[in-house]
Amino acid sequence: SRAHLSPKTAANAVPPTAPTESGWRAGPSFLFAFVLLAVLRVAASPLSLVSADCDEAFNYWEPTHYLMHGEGFQTWEYSPAFAIRSWSYPLLHAVVGQFFGSFLPKVYVYFALRAALGLLCALCESIFVTGIRKKFGAGTSYHTLLFLAFSPALFISASSFLPSSFAMYGVLLAYGCWFHEKYASAVTAAAAATIIPCWPFVGIVFAPIALDVMYQSSFFRFLSWSLLSLVYFLVPALFIDYVYYDRFVAPVLNIVLYNYTTKQGGGAQLYG
């Protein structure tokens, strides 16, 4: 016989829900994406060397070597007359390098730093992939993971010691947090990508995040998160650069002025 529900029982009944996907149909998990990408990035780190990029060698590895060992070449970008590079970016790598140097020979510290950059990239990529899975579904996230894993550009740039590579980490992380609806984390990641490597040109990439965060949350929350991010990243960078330039400078502003003003001999004349 058919069971009948009393009015009280029927009112408290839980409506049926659609079955949730599980296993591989649910899309790549964070762990799966991270392990796959980490293996590829670490394996690529000793193979994609810096010989093709003089900026990486002289603008970043040389200052880091100076910070770690007290000797290294100085490029004009680090001259106090221009001050368009922040010392905080190579200092961050020098701290990690000193840790590796406490138990590794000097030449292996170089490869360990590149492997660490590859791992950081894999972490940001994995958050991006799982964010896409949440926002756009399993199929899109699998395709994204496939394209990231076998991208020739990422084979080179994932472990490169360049501000554009660090900014790329921040873009992946910020968009991943945005897709996960972690708005405060997205704003913080965007600020880190702009300030830590002294690469303000990437800021335009975060415009969609900023507009959506203001719409989904509020302008005042967005403003407070942005101001806190400045305290987290810009204030320490200004202090570090004061120590090394012996005066207060803002390289993140200087590099914009140098490249986009009509000052004689500036970047706008050198590179168009």
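The values are calculated or read from the model by the stated rules, or taken from the named source; none is laboratory data. All figures in this text were calculated on a predicted structure; none of them were measured in a lab. Cβ placement follows ideal geometry from the backbone for every residue including glycine, while neighbour counts extend to all protein chains displayed. Only protein heavy atoms, including side chains, enter the accessible area calculation; ligands, DNA and RNA are left aside. Shrake-Rupley method; radii C 1.70, N 1.55, O 1.52, S 1.80 Å.
Mind listing whichever residues of the range 93-145 are aliphatic (A, V, I, L, M) and under 24 Å from Gly176 (Cα atoms)?
Step one: list which residues in the range 93-145 are aliphatic (A, V, I, L, M), which gives 94-96, 104, 107, 109, 112-113, 115-117, 119-120, 122-123, 127, 129, 132, 138, 145.
Of everything in the range 93-145, those that are aliphatic (A, V, I, L, M) and under 24 Å from Gly176 (Cα atoms) turn out to be Ala115, Ala116, Leu117, Leu119, Leu120, Ala122, Leu123, Ile127, Val129, Ile132, Ala138, Leu145.
Per-residue answers, yes or no, for (1) at pLDDT 95 or above; (2) out of contact with any helix residue (DSSP H, G or I) (no Cβ under 6 Å at 6 or more places or on another chain); (3) not β-branched (Val, Ile, Thr):
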{"residue": "Leu119", "(1), (2), (3)": "yes, no, yes"}
{"residue": "Glu125", "(1), (2), (3)": "yes, no, yes"}
{"residue": "Val129", "(1), (2), (3)": "yes, no, no"}
{"residue": "Leu148", "(1), (2), (3)": "yes, no, yes"}
{"residue": "Ser157", "(1), (2), (3)": "no, no, yes"}
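Taking Leu173, is it free of Cβ contacts under 8 Å to residues at least 60 places away in the same chain, in a helix (DSSP H, G or I) and within 12 Å of the chain's Cα centre (by Cα)? Yes, satisfied.
Return the residues of the range 150-170 that are of a type in the set (A, V, I, L, M, F, W, C) and within 11 Å of the chain's Cα centre (by Cα); say none if nothing qualifies. Before the answer, list the steps.
Just the residues of the range 150-170 that are of a type in the set (A, V, I, L, M, F, W, C), to begin with: 150, 153-156, 158, 161-162, 166-168.
Those that are of a type in the set (A, V, I, L, M, F, W, C) and within 11 Å of the chain's Cα centre (by Cα): Ala158, Phe166, Ala167, Met168.
Would you pick out the residues in the range 75-91 that are open to solvent by 30 Å² or more (accessible area, probe 1.4 Å) and farther than 19 Å from Ala237 by Cα? Matches in the range 75-91: Trp76 only.
Criterion first (closer than 30 Å to Val42 by Cβ, touching a Gly at 6+ places or on another chain (Cβ under 8 Å) and either touching a residue at least 40 places away in the same chain (Cβ under 8 Å) or assigned to a loop (DSSP other than H, G, I, E, B) (or both)) does Ala237 satisfy it?
On the way: closer than 30 Å to Val42 by Cβ: yes; touching a Gly at 6+ places or on another chain (Cβ under 8 Å): no; either touching a residue at least 40 places away in the same chain (Cβ under 8 Å) or assigned to a loop (DSSP other than H, G, I, E, B) (or both): yes.
When the stated conditions are applied, Ala237 does not pass them.
Taken over the range 61-74, residues that are out of contact with any helix residue (DSSP H, G or I) (no Cβ under 6 Å at 6 or more places or on another chain) and buried (at least 17 other Cβ atoms within 10 Å of the Cβ) amount to 4. Of the candidates Ala116, Ala153, Ala138, Ala112, the single residue that is small (Gly, Ala, Ser), surrounded by fewer than 21 Cβ atoms within 10 Å (Cβ to Cβ) and touching a residue at least 60 places away in the same chain (Cβ under 8 Å) is Ala138. Do you know which of the residues in the range 158-170 that are assigned to a helix (DSSP H, G or I) and more than 20 Å from Pro63 (Cβ to Cβ) is least open to solvent (accessible area, probe 1.4 Å)? Step by step, filter the range 158-170, then rank; the result is Gly170.
One line per residue, one yes/no per condition, for (1) among the aromatic types (Phe, Trp, Tyr); (2) modelled with pLDDT of 95 or more; (3) open to solvent by less than 50 Å² (accessible area, probe 1.4 Å):
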{"position": "Ser217", "(1), (2), (3)": "no, no, yes"}
{"position": "Trp225", "(1), (2), (3)": "yes, yes, no"}
{"position": "Pro236", "(1), (2), (3)": "no, yes, no"}
{"position": "Tyr242", "(1), (2), (3)": "yes, yes, no"}
{"position": "Leu257", "(1), (2), (3)": "no, no, no"}
{"position": "Tyr260", "(1), (2), (3)": "yes, no, no"}
{"position": "Ala268", "(1), (2), (3)": "no, no, yes"}
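Of the residues making up the range 24-59, those that are aromatic (Phe, Trp, Tyr) and modelled with pLDDT of 90 or more are Phe30, Phe32, Phe34, Phe58. Residues of the range 62-109 that are among the acidic types (Asp, Glu) and either closer than 18 Å to Tyr242 by Cα or in contact (Cβ under 8 Å) with a residue 60 or more places away in the chain (or both): Glu77 alone. Taken over the range 60-86, the criterion of being at pLDDT below 95, among the polar types (S, T, N, Q) and farther than 18 Å from Ala250 by Cβ is satisfied by Gln74, Thr75. Looking across the range 192-206, the residues that are assigned to a helix (DSSP H, G or I) and open to solvent by less than 40 Å² (accessible area, probe 1.4 Å) come down to Ala192, Ala193, Thr194, Ile195, Pro200, Val202, Gly203, Phe206.
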